[in-house]
Amino acid sequence: MLIGTLEQSLIFAIMVMGVYISFRILDFPDMTVDGSFPLGASIVASCLVKGMNPVLALLLAVVGGSIAGFITGYINVKYKIANLLAGIIVMTGLYSINIKIMGRSNISLFTVNHLFTLHINKLLLISIIVILCKLSLDFLFKTKFGFILKALGDNETLVETLGVDKSKLKIYGLVISNGIVALSGGLYAQYQGFADVGMGTGTIVTGLASIIIGETIIKNRRKFTLTTTVIVGTIIYKIIITLALKIGFNASDLKLISAIIVVVILALKNNKMLKKGGIKNA
């Protein structure tokens with residue numbers, strides 16, 4: 001069970017890295033991820049049943065997720081639709097698109113070849129993919145583009161004074177974010193052996209819970225990168241969920257447990273900040 005929990009944690013850690021970009025870096029509560037996660041799974045499942053190479057299928061999933069992120073960013077900056085509403089609109093549309101991609105509401109992958117039928121240790125394979133994602137993002141955030149992207153969420157005015165088009169930058173960030181989330185969805189579909197149109201429900205809550213847990217545990221942000229914080233937070237979050245199942249909760253209670261975890265951690269965090277004399281929205 002421990003190995004299985006760790007494997008799932010690492011797959012979800014990829015998704016949480018994407019959520020971190022939109023939620024923490026861009027300060028954009030992007031509901032699109034609830035649709036781009038199953039979008040990645042839908043694309044991968046449809047490609048695999050047609051005999052496509054699983055790696056190529058994952059790349060197509062990233063492209064699909066990136067397009068979803070682009071649409072959210074575009075309607076937000078072009079038509080001034082509020083962040084939350086833009087994400088909800090695209091997420092809602094993706095539900096129908098995902099069904100069209102699969103041709104039905106779910107696809108089984110138990111009889112097709114994919115990454116986890118290659119007789120490679122699952123944990124090793126997932127770890128390699130997670131490390132590649134982590135190192136790629138760590139490198140990105142050390143580039144000039146990465147520094148400006150991180151500045152966008154904190155101070156848009158500063159970004160404008162640097163002569164950077166903040167609208168384009170926001171779209172780029174959402175493209176990267178949802179591309180990563182779709183990658184996680186495609187990988188998770190192969191891991192569990194099926195893709196389902198409803199598998200993205202609560203993705204953003206899972207992402208937020210993992211981010212908050214990671215930030216609460218890892219205080220020294222200079223010593224640890226944000227991707228490390230995200231990975232640690234996701235592993236602990238999944239362990240909490242596993243323990244909840246172990247003590248008798250039903251699988252159908254997991255979304256409720258996730259929501260309660262987020263509320264409890266935010267309440268504790270905000271109370272602590274109030275005692276220090278100030279509070280900032282999480």
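N270 to T5: extension gain in nm, 0.36 nm per residue of separation minus the Cα-Cα distance? Walk me through the numbers before you get to the answer.
Details: separation 265, 0.36 × 265 = 95.40 nm, distance 2.97 nm.
In short, 92.4 nm is gained.
What is the local net charge at M91, summed over the other residues whose Cβ is closer than 11 Å to its Cβ (Lys, Arg +1; Asp, Glu -1)? Please report the intermediate quantities before stating the final value.
On the way: positive: none; negative: D30, D34.
That sum, taken over residues with Cβ under 11 Å, equals -2.
Roughly how much of T161 is accessible, in Å² to the nearest 10, using a 1.4 Å probe?
T161 exposes around 100 Å² with every protein chain in place.
Taking a label point 7 Å from the Cα of S136 along the Cα→Cβ vector, which residues of the stretch 219-244 have an amide N closer than 20 Å to it?
Counting backbone N atoms under 20 Å from the label point, the list is 225-232, 234.
Between L243 and V49, 0.36 nm times their residue separation minus their Cα-Cα distance comes to what?
Working: separation 194, 0.36 × 194 = 69.84 nm, distance 3.49 nm.
Separation in residues times 0.36 nm, less the Cα-Cα distance, equals 66.4 nm.
Would you please name the trypsin sites (Lys or Arg not before Pro) within the stretch 130-238 that are DSSP coil residues with at most 11 other C-beta atoms within 10 Å of their C-beta? Spell out each step's value before the answer.
Values: sites: K134, K142, K144, K150, K166, K168, K170, K219, R221, R222, K223, K238; in loops: K219, R221, R222, K223.
Of the trypsin sites (Lys or Arg not before Pro), the ones in loops of the stretch 130-238 whose Cβ has at most 11 other Cβ atoms within 10 Å are K219, R221, R222, K223.
Given a 1.4 Å probe and heavy atoms of the protein chains only, how would you sort Y191, Y79, largest accessible area at the top?
The ranking, largest first, comes out as Y79, Y191.
Set the Förster radius R0 to 51 Å, insert the Cβ-Cβ distance between H119 and T216 as r into 1/(1 + (r/R0)^6), and round the FRET efficiency to 0.05.
Working: r = 39 Å, r/R0 = 0.77.
E between H119 and T216, to the nearest 0.05, is 0.85.
For mean projected area of the Cα convex hull in nm², which listed value, (1) 15.5; (2) 20.6; (3) 16.8, comes from the coordinates shown?
Label of the calculated value: (1).
Kindly flag which residue pairs out of K122/K255; K100/K246; K150/K246 have an alpha-carbon separation exceeding 31 Å in this structure.
Working: K122/K255 26 Å; K100/K246 37 Å; K150/K246 39 Å.
Pairs exceeding the cut-off: K100/K246; K150/K246.
Where does the chain land at 222 nm, in deg cm²/dmol rounded to the nearest 500, when only DSSP H runs of n ≥ 4 count, each adding -39500 (n - 2.57), divided by all residues?
Values: 11 runs with 204 residues, N = 282.
Using -39500 (n - 2.57) per qualifying helix, the result is -24500 deg cm²/dmol.
The values are calculated or read from the model by the stated rules, or taken from the named source; none is laboratory data. None of these values were measured; they are calculated from a predicted model. All Cβ positions, even for glycine, are placed from backbone atoms using ideal geometry, and neighbour counts span all protein chains on display. Note: accessible area is taken over every heavy atom of the protein model, side chains too, but ligands, DNA and RNA are not part of it. Shrake-Rupley method; radii C 1.70, N 1.55, O 1.52, S 1.80 Å.
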